[in-house]
Amino acid sequence: MLKKQLITAIALAGATTAGTSQAQAAELTISCGAVGAELTLCQEGVAAWEEQTGHEVDIVSTPNSSTERLSLYQQILSAQSDDIDVMQIDVVWPGLLANHLLDLNETLGADAAEGHFETIVTNNTVDGRLVAMPWFTDAGVLYYRKDLLEEYGFEPPETWQELTEIATEIQAAEREAGNDRMWGYVFQGRAYEGLTCNALEWIASYGGGSVVDTDGEITIDNERAAEALDLAATWIGEISPDGALNYTEEEARGIFQSGNAVFMRNWPYAWSLAQSEDSNVRDKVGVVKLPHGAEGESAATLGGWNLAVSKYSEHPELAADLVAFLTGEAEQKRRAIEGAYNPTLASLYQDEEVLEAVPFFGTLYETFTNAVARPSAPTGDNYGRVSNSFFNAVHQVLSGDLSGAEAVAQVDSELSRIKRRRW
C-alpha cells in the first residue's frame with residue numbers, strides 16, 4: 001500500500017467507550033501535524049475524539065515542508081488511495097485538491113462552517129462545495145527580544161531599514177560582550193513555500209504588489225519589488241547566518257529560542273514555545289506586526305491550515321465527524337491557549353482565557369483579519385508553478401546569484417509563459 005511505502009503510521013491508543021464493541025469500532029487515518037507541539041496537540045485532540053466515540057485513529061506522519069507534503073497528497077489522491085481519510089491542507093491548496101475532496105456541507109450540513117471567518121470559508125469553497133473546514137489561521141509576525149531592545153535603547157522597528165540597523169548594532173554589541181553566536185534576524189530562507197510567504201511580505205510592504213493581482217495580471221516586475229529583494233539579500237552573512245538560506249520555520253525558531261537572535265519572522269505558533277519553561281527567552285519576547293518599506297504599509301502573508309476529507313475514504317461520514325470535532329470551538333480554544341494557534345472562530349478573539357494566554361491575538365487582530373493572500377485564487381491549478389518560480393528566483397537573490405531587478409524580470413517572463421495557456 002502507498003501508506004507503507006510513503007508514510008509512517010503513528011498509532012494512537014484509542015479508548016473504547018462503554019457499550020461500543022470492537023466489531024462496531026472503525027479505524028480512520030489522519031494527517032494533522034508533522035513534528036513538535038503541532039503533532040502533540042493533534043494527538044491530544046484525536047485522543048479526545050477516540051474516547052468520545054470509541055473509534056480508533058492512526059496519525060500518519062508527513063513531511064514538515066509544505067511543498068513536500070503537497071506532493072505526497074497529490075500522489076496519494078491521484079491513485080484514489082484510501083490511505084489517509086482526513087488531510088491537513090494549506091490555505092492555498094483547496095483549488096488544487098478540490099476534485100478529490102468531500103463536500104462537507106453535504107455531510108455536516110449547510111451551516112457546518114457557521115461562525116468561522118468568512119474569508120477562509122470562501123477560500124475553502126470551490127464551485128459551491130465546502131472542501132475543507134477552517135482549523136487555524138495564520139499571518140506572519142515579528143518576534144523581538146524585549147530585553148535587548150530595552151537595554152540598547154530601541155523601540156520595535158517600523159521599517160525594514162530600521163530592523164536592519166537595529167539588528168546590526170545589537171548583534172555587534174552582543175558579540176563584543178561575548179556571545180559570538182548572536183544574529184540580528186532569522187527567517188525562512190529555504191527555497192520552498194515559506195520563502196514565498198516571506199518574500200511576498202517584503203514586496204507587498206514596499207508597495208510592490210502581490211506577484212499576480214486578483215484579476216490574474218502579473219505585477220511582479222517593478223522597482224519596489226526589486227528594491228525589497230535587494231535589501232533582503234544584504235542580510236545574508238551580515239545580520240542573518242548563511243544557513244538561513246536553508247531555514248524553515250523550525251530552524252529559525254531554534255536559533256531565536258536559544259537566545260541567539262534579536263529578531264525573528266515566524267507564525268504565531270512560535271509564541272507558546274518561546275514562552276515554555278525550557279525556553280532561553282521566556283518572558284523576554286515581544287510580538288509586533290512586520291515592518292514595511294519606506295513608502296509602504298506592513299503586510300503579513302495569510303497562512304493557516306484546514307482539515308479535509310478524502311473522497312476515497314471508506315468512512316466518509318465518520319471522517320467528517322472527526323473534522324467537525326477538531327475544528328469546533330472547544331478544540332480551537334484549547335489549541336489557542338496551549339499552542340498559540342490562531343482560531344478561525346471570530347468569537348474566540350474576545351475570549352478572556354485566550355487573550356490572557358496570547359495577548360497579541362487582541363493587539364494584532366487586524367493583522368490576522370487583513371492578511372495578504374498568496375495568488376492561489378487567480379492562478380488556480382498553476383499556483384504551484386507560480387510559487388516555485390517566485391521562491392526559486394528570490395532564493396537566487398538571497399544567494400547573490402541575481403539582483404532584485406533581474407529576479408523580478410525573470411519571474412515575469414516565466415509566469416507569462418505559464419499564463420499563455422491561461423491560468
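Here are the numbers:
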item	result
Qualifying position, being surrounded by fewer than 19 Cβ atoms within 10 Å (Cβ to Cβ) and in a helix (DSSP H, G or I), among N99, N64	N99
Residue match in segment 395-411 (condition: at pLDDT 95 or above and touching a Phe, Trp or Tyr at 6+ places or on another chain (Cβ under 6 Å))	yes
Wholly enclosed helices (runs of 4 or more DSSP H) of segment 111-224 bearing at least 3 residues farther than 26 Å from S389 by Cα and not hydroxyl-bearing (S, T, Y)	146-151, 160-176
Residue in segment 38-51 that is open to solvent by less than 40 Å² (accessible area, probe 1.4 Å), in contact with a Cys (Cβ under 8 Å, 6 or more places away or on another chain), outside any loop (DSSP other than H, G, I, E, B) and of a type in the set (V, I, T) present	yes
Residue tally, condition surrounded by 24 or more Cβ atoms within 10 Å (Cβ to Cβ) and among the aliphatic types (A, V, I, L, M), over segment 175-194	1
All helices (runs of 4 or more DSSP H) inside segment 329-423 with 1 or more residues being open to solvent by 60 Å² or more (accessible area, probe 1.4 Å) and either touching a Lys or Arg at 6+ places or on another chain (Cβ under 8 Å) or β-branched (V, I, T) (or both)	329-339, 352-357, 360-363
All positions within segment 268-327 that are of a type in the set (D, E, K, R), crowded, with 18+ Cβ neighbours inside 10 Å and either touching a helix residue (DSSP H, G or I) at 6+ places or on another chain (Cβ under 7 Å) or part of a strand (DSSP E or B) (or both)	K289
Residue tally, condition touching a residue at least 60 places away in the same chain (Cβ under 8 Å) and either among the polar types (S, T, N, Q) or at positive phi (or both), over segment 105-118	2
Search result, residues across segment 252-262 that are of a type outside the set (D, E, K, R) and either part of a helix (DSSP H, G or I) or touching a helix residue (DSSP H, G or I) at 6+ places or on another chain (Cβ under 6 Å) (or both)	A252, G254, I255, F256, Q257, A261, V262
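The values are calculated or read from the model by the stated rules, or taken from the named source; none is laboratory data. All figures in this text were calculated on a predicted structure; none of them were measured in a lab. In this analysis, Cβ positions are derived from the backbone assuming ideal geometry, glycine residues included, and neighbour counts consider all displayed protein chains. Note: accessible area is taken over every heavy atom of the protein model, side chains too, but ligands, DNA and RNA are not part of it. Shrake-Rupley method; radii C 1.70, N 1.55, O 1.52, S 1.80 Å.
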